[in-house]
Amino acid sequence: MSEEMSRELKDISFILRQYKAGRLSHEEAVRELNGGCIEDLGFARIDHARVKRQGFPEVVYCEGKSVEQAAAIVKSLAARGGNVLASRAGAEFFAEIKKILPHAFYNEQARMVVVINEKPVVDKKRYIAVITAGTSDVPVAEEAALTAEVMGNKVERVFDVGVAGIHRLFASLDLIRKANVCVVAAGMEGALASVVGGLVDKPVIAVPTSVGYGANFGGLSALLAMLNSCAAGVGVVNIDNGFGAGRLAALINKMR
């Protein structure tokens, strides 16, 4: 039995016990079993069924939300007993969450708050390589790496191996080639994704970053270069979207 199926059966058993004990009405139990469990906070509708559909709870994007709003959403998600991930979170938000959930921790580089209620089961034989062209790309890469780790994946980091000193990449090539999927974060001209794509037989997820001088256009030059890559097997996510890359890498890494 797969881990996802086991978790889903546990959820169903919990719902049935709650109904039997009278804590859920017939209508509420049916709604839960149909995966339609939505909690309305007024300013947000929390999709508690996402973990059943996609294998991980709703992730909180904090930018554009008040500290109080984001904290309330995280509290609601954590109350269900699953792990919670909040992206683009500042220190002020983390301080608020820490009051509610003392075991939460903060990764300043990734700008992510993480609440671990259930230790992820990690397959240590299969891993994701997260690679950066430069040190300035590390914050985006860390967002990808931490996302993948919280979702139960082993991650190997290979930072600052861009084309300006390509010999640095070759020194780590064995580690990169043994990865099940690669995430490459690069700004400037975004060339590293094509280079890695031409050296490995695994999927490469390219993440253009907004790092660079004026003609970089906030990551647009790297994005276009990656989209026009002549290397086969390279897919591209949005500019600075480390979370999206980490989530996609996690899904690929767990496929059998």
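Mind listing whichever residues of segment 89-106 are out of contact with any strand residue (DSSP E or B) (no Cβ under 6 Å at 6 or more places or on another chain) and closer than 15 Å to Tyr61 by Cα?
Gly90, Ala91, Glu92, Phe93 - these are the residues of segment 89-106 that are out of contact with any strand residue (DSSP E or B) (no Cβ under 6 Å at 6 or more places or on another chain) and closer than 15 Å to Tyr61 by Cα.
Just give me the residues in segment 196-227 being of a type in the set (Phe, Trp, Tyr) and over 18 Å from Asn241 (Cβ atoms), in sequence order.
Across segment 196-227, the qualifying residue is only Tyr213.
Are any residues in segment 149-186 within 20 Å of Ser87 (Cβ to Cβ), modelled with pLDDT under 95 and touching an Asp or Glu at 6+ places or on another chain (Cβ under 9 Å), and if so, which ones?
Those that are within 20 Å of Ser87 (Cβ to Cβ), modelled with pLDDT under 95 and touching an Asp or Glu at 6+ places or on another chain (Cβ under 9 Å): Gly152, Asn153.
Those residues that are assigned to a loop (DSSP other than H, G, I, E, B), among the small types (Gly, Ala, Ser) and within 15 Å of the chain's Cα centre (by Cα), I need them from segment 134-161; list them, please.
Within segment 134-161, Gly152 is the sole residue that qualifies.
Could you name every one of the helices (runs of 4 or more DSSP H) located completely within segment 162-256 that has at least 1 residues being under 14 Å from Ile128 (Cβ atoms)?
173-177, 192-197, 242-253
For segment 20-48, name all the residues that are among the aliphatic types (A, V, I, L, M), at pLDDT 70 or above, over 27 Å from Cys62 (Cα atoms) and not in a loop (DSSP other than H, G, I, E, B).
Matches in segment 20-48: Ala29, Val30.
Which of the numbered conditions does Leu24 fail, given that it passes all the others? Conditions: (1) aliphatic (A, V, I, L, M); (2) touching a residue at least 24 places away in the same chain (Cβ under 8 Å); (3) surrounded by 16 or more Cβ atoms within 10 Å (Cβ to Cβ).
With (1) aliphatic (A, V, I, L, M); (2) touching a residue at least 24 places away in the same chain (Cβ under 8 Å); (3) surrounded by 16 or more Cβ atoms within 10 Å (Cβ to Cβ) applied to Leu24, the lone miss is (2).
Buried (at least 24 other Cβ atoms within 10 Å of the Cβ), within 28 Å of Val60 (Cα to Cα) and not aromatic (Phe, Trp, Tyr): which single residue out of Gly235, Gly242 fits that description?
Only one candidate qualifies: Gly242.
If I ask for residues that are of a type in the set (Gly, Ala, Ser) and touching a Ser or Thr at 6+ places or on another chain (Cβ under 9 Å), which ones from segment 82-125 would you list?
Within segment 82-125, Ser87, Ala110 meet the criteria.
The values are calculated or read from the model by the stated rules, or taken from the named source; none is laboratory data. Here the structure is a predicted model, which means the values were calculated and not measured. All Cβ positions, even for glycine, are placed from backbone atoms using ideal geometry, and neighbour counts span all protein chains on display.
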